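In what follows, a single structure is set out as structure tokens and then discussed.
Please treat every number below as a calculation from the coordinates, not as lab data. These numbers were taken from a predicted model, which means no experiment stands behind them. When we count neighbours, we look across all protein chains shown, and the Cβ atoms used for this are built from the backbone with ideal geometry, even at glycine.
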Amino acid sequence: MASRSEPIEEFPPDQTEAMERGDKVVTVGEHLLELRNRLTMATLTLVLTTVLALVFAQDIIDYLLEPGRDADPDFRPIFTELLGFFGSYIKVSLLVGITFAMPMILYQGVMFLNPALTPGERRWILPIILLAAVSFAGGAAFAFFVAWPPALNFLLNFGEDVVDAQVTINDYINKLTRFMFWTGIVFETPLVLMGLGFLGVVSSSGLMRSWRWAIIGSFVLAAIITPSVDPVTQAAVAIPLVALYFLGILLVKLVERHQREPETVTPAEA
């Protein structure tokens, strides 16, 4: 009597590839547990950096008011609501907290995706995290030191012979923090394009063919995120965005060249 052969257990393609790389195959429940732990770590980091920023919030706000004093020596903001000044404390502390927590937030996000990456792709994790954190901080610094002073000077002195400016601290901090935050976000454009290139959504040749639309889009985006309507301020923001777009094209080229390189096979694997 012929012996009955045991059924061969088949695995999904993604699990098979993971086992071939020597990676541990985890269940959906384990994925959700890891996601919860990484979200918790990122949240705790953000809370810690925000609380630390609250300790120095008054000094930070005083420093953020310097461009206003440079534009008008008599500049002194007011508040008309009981929570006006306290709300400014919270917004400034949150922005500073996000800036300093950004490396950990990005790290937790990338490490959650780590099991799905190949060893070659994992070498990109640390450089991408560092570049993303530096890009966000650089964008926020650019907004405050370069673009905000001329915009504020225009807004405070426009129509000064007709009206007196009475700026509330809440309005000042709202516009400044929103401007710094979104400028920091758009400074991530090269890394976003790099990620899309890695996924095959865009190509360097396609991006190069769309450079005219990129220039138009940069000026439109600058008009949206800048608090001032004067063309000088908008151009000061749009020109770096155009440069970042072309930097993104170079990064996409780098990714394409890396993907075209054949993977080296060791004698043990042959």
Rounded to the nearest 20 debye, dipole of the stretch 158-270 from Cβ charges on Lys, Arg, Asp, Glu:
460
Once the Cα atoms of helix 231-260 and of the chain are each reduced to a long axis, what angle between those two axes, in degrees from 0 to 90 to the nearest 10, is obtained?
10
GNM flexibility winner over the chain from P73, P150, P190 (Cα, springs under 10 Å):
P73
Farthest positive-ward along the chain dipole, Cα basis, beta-carbon charges - from S205, P127, T99
S205
Averaged over all directions, how much area does the convex hull of the C-alpha atoms of the stretch 130-250 cover when projected, in nm²?
8.2
May I ask you to compute the full-extension gain from V229 to L199, defined as 0.36 nm times their residue separation minus their alpha-carbon distance, rounded to one decimal in nm?
7.1 nm
Classify the stretch 168-237: rounded, prolate or oblate, from the alpha-carbon gyration tensor (a ≥ b ≥ c, eigenvalue square roots; a/c under 1.5 rounded; otherwise prolate if a/b is larger than b/c)?
oblate
Lys/Arg Cβ at +1, Asp/Glu Cβ at -1, dipole of the chain taken about the Cα centre: which of L193, A151, T49 is farthest positive-ward?
L193
Calculate the all-directions average of the projected area of the stretch 49-191's alpha-carbon convex hull, and give it in nm².
10.1
How far apart, in nanometres, would the label points at I78 and L48 be if each is projected 7 angstrom from Cα along the Cα-to-Cβ direction?
4.3
Per 5 Å bin, what percent of the C-alpha pairs of the chain does each bin hold, from zero upward?
1, 5, 9, 12, 13, 13, 12, 10, 8, 6, 4, 3, 2, 1, 1, 1, 0, 0, 0, 0, 0, 0
Report the one residue of L65, Q259, V110 whose Cα lies farthest in the direction of the positive end of the charge dipole of the chain (charges on C-beta: Lys and Arg +1, Asp and Glu -1; origin at the Cα centre).
Q259
First select every other residue whose beta carbon is under 15 angstrom from the beta carbon of N153; then total the charges, Lys and Arg +1, Asp and Glu -1.
-4
Given H placed on each backbone N at 1.01 Å, which residues far from I78 in sequence or on other chains put an amide H within less than 5 Å of it?
V167, T168, I169
